[in-house]
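Each reported figure results from applying straightforward, stated rules to the coordinates on display, with no laboratory input. None of these values were measured; they are calculated from a predicted model. Positions of Cβ are backbone-derived with ideal geometry, glycine not excepted, and every protein chain shown enters the neighbour counts.
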Amino acid sequence: MKGNPEERAVTLALYITENNATVRSAAQAFGISKSTVHCDVTKRLYNLNRGLYEETQKVLKRNKEERHIRGGEATRKKYLESK
């Protein structure tokens, strides 16, 4: 996803909020790096659209609080499938 970084930041933020997406899944969906997604939705978006920034940060905060659960489930699934 090339082009205008400001447009990209808004598009990524909308995707994250609408889909409750993680930074990793947003990066995969748009074919860009996780660091680019993170930079866009934290630094660029803050100056562009404060309301959308706040919504996106809520989703990212919730994802961060739940990541240990998702990681544990992924490991559990991996070992159940290998048996």
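What the table below lists for this structure:
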| read-out | value |
| --- | --- |
| Which of TYR46, ALA74, ASN20, positive extreme of dipole for region 5-81 (C-beta unit charges) | ALA74 |
| Trypsin sites (Lys or Arg not before Pro) restricted to DSSP loop in region 1-34 with at most 16 other C-beta within 10 Å | LYS2 |
| In the chain, lysine pairs closer than 22 Å at Cα, eight or more apart or cross-chain | 11 |
| Per residue, the convex hull volume that the Cα atoms of region 1-49 enclose (Å³) | 59 Å³ |
